[in-house]
1. Mind checking the full-extension length gain between A:Thr127 and A:Ser182? Use 0.36 nm per residue of separation minus the Cα-Cα distance, one decimal, nm.
2. Dividing the alpha-carbon radius of gyration of segment B:19-137 by 2.2 N^0.38 Å (N being the number of residues), what value is obtained?
3. How many nm separate the modelled label positions at B:Phe60 and A:Lys538, each set 7 Å beyond the Cα in the direction of the Cβ?
4. So what's the net charge close to B:Tyr217: Lys and Arg +1, Asp and Glu -1, counting the other residues with Cβ under 15 Å from its Cβ?
5. Between A:Tyr86 and residues 5 or more places away or on another chain, which pairs have amide H atoms under 5 Å apart, with H built 1.01 Å from N, and which residues are they?
6. Show the residues, 5+ positions off or on another chain, whose built amide H is closer than 5 Å to the amide H of A:Ala222.
7. Taking R0 as 35 Å, what FRET efficiency do you get between A:Trp311 and B:Ile281 from their Cβ-Cβ distance, rounded to the nearest 0.05?
8. Compute the projected area of the convex hull of the Cα atoms of segment B:138-215, averaged over all viewing directions, and report it in nm² to one decimal place.
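Every number here is computed from the coordinates shown, using simple stated rules; none is lab data. This structure is a prediction, so every number in the text was calculated from the model and none was measured. No Cβ is skipped: glycine too gets one built from the backbone with ideal geometry, and neighbour counts run over all protein chains shown.
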Amino acid sequence: MESISVKDLTFTYPGRTAKALSDISFSIEAGQFVCLCGRTGSGKSTLMRSLKPVLAPHGEKTGSVLIFGKDMDELTDREGAARIGYVMQNPDNQIVTDKVWHELAFGPENIGMDPETIRVRVAEMATFFGIHNWFERDTDSLSGGQKQMLNLAAIMVMQPDILLLDEPTASLDPVAAVDFLSTVSRICREIGTTIIICEHRLDEVLPLSDRVLVMDEGRLTADGSPAEVGLSLIAGDEPMAKAMPAPLRAYAGVSGVLVSKEAPLDVASGRRWLMDVCSGAEAKETVSDAVSPVEKKETAAESVIEVKGAWMRYERDLDDVLKGLSLTVRKGEILALVGGNGAGKSTLMTLMAGGAKPYRGKVVRSGGPVSMLTQNPQLLFTEDTLEADLRMIATNEEELSRVTDLLQLAPLLTSHPFDLSGGEQQRAALAKVLLSGADVILLDEPTKGLDEGFKEIIGNALRSFVKDGGTVVVTTHDVDFCARTADRCAMLFNGQITGEGAANTFFHGNEFYTTAANRMSRGILDALFAEEIVEKIKAMER
Amino acid sequence: MNGSAFTKFHPVVNFIFFIFAIAMTVVVFHPAALAVSLVMSIITAVKFAGKKALKYFFAFPFVIMIISVILNPLFVHKGLTVMFYLGEGPVTVEALVYGACTAMMIGAVIMWSYCYSQIMTSDRFMAVFGKAAPSTSLVFSMILRFLPRAKSHAGKIAAAQDLLCAGGETAPENRKSKVRKGMRVMSVLTTWALENSIDTADSMRARGYGLAGRTMYRKYAFCGADIAAAVIMTAIAVWMFAEKAAGGWMFYAYPQIMTGSRAEAGVLSIAMALFYAVPFIIETWEDIRWNRSVSKI
């Protein structure tokens, strides 16, 4: 049975000539897990919204959307609300009520379910999602991950046939994101709900998906199994290719030479494939080759920020967040701070920027002005257009045009900062930091919710800033970004620095906290990136 | 607050209490009544929320009260009993007393509102008004949820803007730059609020809000205790309003302080205290019951 079938859907926003969606046709079997991907502005959100009755954008529409064989416009409001669930990006804004249990009951109450049924549904969904432990809590007291889980559960109590998720993990940290995605996958497998999800974290989503749809400029450009679509994107060198999981990229890179197995999507299958490829004595040789790390400059440059034995807590009765932490930031480096949630990364950054003082220990700043970018870039915008906003902080015209070019912001200058997408806001906020005239910049999670293209732009901007004599400290959960961009990495755990070293050697030593390509090739080829694996295999062939 | 005994009563009973508590404080503007109301509001708040309530009291209403006590005699020169002259203006006892009364009223109203927010969660509010005015009641409860969020977001905006230009040789903050910064924060906050409300409205519509025939997950049955509490509270409140109309709560500050008989005010104050004590008595009664049941184990 087809749960959704879209035929020749074309859509134009009022007052625009360009089509936001053009001639889109596909149909999805009930119970399929479908990943919809594409670059920012490719029309993903428009398509997602077009599939949900009350959220469908207004404009000129031709073609049809059938939900279980029935035209979407003919669904009653009640059916539209109950049968098609929609989860949006921002966890906070979707919550309506002040109690967790009431949020769960909100949907069923609206569609007029009788209280006995609501009670049963709420109870079973709370248990399915593991919400029963915080059932009576205030919604405001939940973490971001819990909030998004609640939003999902609040929809699932209505027992929808179709679940649409529009970048649901963009503002979550990786641990919460993985947790959320695996719950979505469980819903698909155990309840049989049809899932369509838009995601940037393709590493995690693709292995879960039955099928991938790719959009570009309002058109559907690819449709098929994850491996199929991924390989064709990589072969065509499409912009989305970089976003594919590392195992698949490595496989695609050498597939011309060695096509043996099914294309690997996750680390485990990637490892099996790599072992097959490298079985034999010659692999051993390459191992010894690979282990010698690339030499990075390890000069004793002067320090710009020095944290000496800092102890920090937020309130008297709370636990210490930093416990006698010491760290030196050297001039001209990109230092990456990695570590789990609550390890104290953001606190350490605030301390270095001078936004807070340790109650014991010292922070010495000797490298000129410091500027820090907080996790939520939206907090920084005050003006009505991005241009006005940047002008407010820019010292001169040259700087302004240099930075806008560097971060490719020129086409966005006339937009309202709040109308930009998450990734665009992140770049715009980085522009403000670069324009602030600071010599040392501190960036808290600058790559959150960004796709690969944007990450590269940000990485390049940081490199060029450092080349001009600046210093960068960056916290990130994104190990791949770290390995590509940083000179030095420091790992925070439990309020202390537990490991520190040049980026290359640092990740080679880690078992879990390292890139997917490294996890896949550990002990076999020991590479950090998919490209490196490809090179090494090719070298081996010769 | 979860687990509070007062919340075991029907939301209508809770609502009647708070409406009358605040209305009586404002309408019966008499020093004795105001003092009773203020003291009981603080005791009740502490009973509901613990030490946090005292912290809140001294951080917010108390400051406003002090200002009111000081400012009224400085700016209002009505009244016959002059204490001293400040420049040209006479500072009178009457203006001081009136300022103190206003202060107590403000303090009591704020503290009763604080108690209200501890008890009347959105679902309880909707249980009172949901049937009659579902949209209004939901919008109201959303506003209540929005205010604390906006406050904390404003703090985050200010901090983020400071950190953007931290550590440099920034000019010391003068009043002008502070005002400008405040305006900036407000402007960002407004945009943020508008953006948010669009998402929230979408999320509500997506889940069928506004369809006819809304039901309620939690049903609240009216029982004997509810009826008794409602009747007692309404009776006392109506009596107080009637007395006010009949002149029993007489109090004039200007031109000279004038009150009715002390004995009458005393009796009325005790009755009023009884009204304000309803939640406190219910909570304490529950504590006693709990202790007794524990001692049996």
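1. 18.2 nm
2. So segment B:19-137 has a normalised radius of gyration of 1.33.
3. Label at B:Phe60, label at A:Lys538, 6.5 nm between them.
4. +1
5. Result for A:Tyr86 returns A:Leu164.
6. A:Val214
7. The calculated FRET efficiency here is 0.15.
8. Its average projected convex-hull area is 6.8 nm².
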